[in-house]
Structure formats: structure tokens, C-alpha cells
Amino acid sequence: MLDFSSLSDPAARVYTIDLNHTDPVRLAGRLYKSNPEQRPQLLIDCQHLECVRTRGVSYLASQLLLTRQAGADILLYNVDAVLCRALRLLQLHQIFRVVPAPTA
């Protein structure tokens, strides 16, 4: 199981972003430049991603990889089974952290 203790760490730089309205690559670059000693963590809700429906999983994967290259760590949540499987097939589940859904 992955350690998500950084989400509750007040010193961690965790930002919740909406990929439908935010350029994650540009944001990651700006945040990283403001404090290069601590990589920002972008928490992305995958439940209603327009880009997956309109451009596909490969576009999302490309944007996430570019965002990581720009200096941010990626945390994904509300990842459905199809996207989770695609990330595993592309072996991106090792690069991006998927926050598990809460169990009821």
C-alpha cells in the first residue's frame, strides 16, 4: 500500500486542480520554480475529465508525464476501473500515485 501521509502534512505543497480548467504543465512549472527544494503535489480528480472523453487516455497520460517533467508529483483520485487498467497497461501506475477510493 502506498503512503499518503504527505496529504496530511502541513509542510507538503499539495494543490487540488481541475484539469478541465487548468494547464497542469504550466502550473507545475510555476510552482516548482517558486520553491525548487520541494516538489509540489498536484491532486487530480479523475471522475469528470473531459480530455479522456474527447482526446483519449493517451492525451491524459502525455499531459501527466509533461506535468511531472515540469516539476510536480501527481496524485490521482476517483480513478475508475478503465482508467486504472489503462495506467497499469502503460505502466504509469508506478509513476503516478493513485489514491485508493474510500471503502464503504
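Coupling constants for the stretch 86-98 follow from the phi torsions by the Karplus curve (6.51 cos²θ - 1.76 cosθ + 1.60, θ = phi - 60°), and in residue order they are 4, 4, 5, 4, 7, 6, 8, 5, 7, 9, 9, 8, 9 Hz; glycine and proline get x. Quick one: what are the phi-derived ³J(HN,Hα) couplings along the stretch 54-61, Karplus 6.51/-1.76/1.60 with θ = phi - 60°, whole Hz, x for glycine and proline? For the stretch 54-61, the Karplus curve yields 8, 10, x, 5, 5, 5, 4, 4 Hz.
Close amide H partners of residue 15, meaning residues 5 or more places away or on another chain with modelled amide H under 5 Å apart, are 41, 42, 43. Here the chain is treated as a sphere whose radius is the Kirkwood value from Cα pairs; by Stokes-Einstein at 4 °C and 1.567 mPa s it diffuses with a coefficient of 92 µm²/s. Leaving out ligands, DNA and RNA, what percent of the accessible area of the chain is carbon and sulfur, probe 1.4 Å? The value for the chain is 52 percent carbon and sulfur by accessible area. In the context of the full set of protein chains, residues of the chain present 65 Å² of accessible surface per residue (probe radius 1.4 Å, heavy atoms only). So which trypsin sites (Lys or Arg not before Pro) in the stretch 14-82 pass both tests, a DSSP loop state and at most 14 other Cβ atoms within 10 Å of the Cβ? Qualifying residues, ordered by number: 55.
Derived scalar couplings between HN and Hα for the stretch 20-30 equal 6, 10, 10, 8, x, 5, 5, 4, 4, x, 5 Hz in order, rounded to whole Hz, by the Karplus curve 6.51 cos²θ - 1.76 cosθ + 1.60 (θ = phi - 60°), x for Gly and Pro. In percent, rounded to a whole number, the relative contact order of the chain is 27, using alpha-carbon pairs under 8 Å and six or more apart.
Fully extending the segment from residue 33 to residue 58, taken as 0.36 nm per residue of separation minus the present Cα-Cα distance, adds 6.3 nm.
Of the Cα atoms belonging to the stretch 43-104, the radius of gyration and Dmax stand at 11.2, 36 Å.
The values are calculated or read from the model by the stated rules, or taken from the named source; none is laboratory data. Note that the structure is a prediction, hence the values are computed from the model and not measured. Methodologically, a virtual Cβ is constructed for each residue, glycine included, from the backbone with ideal geometry; neighbour enumeration extends over all protein chains shown. Each accessible area value is taken on the protein alone, full model and side chains, heavy atoms only, with ligands, DNA and RNA left out. Shrake-Rupley method; radii C 1.70, N 1.55, O 1.52, S 1.80 Å.
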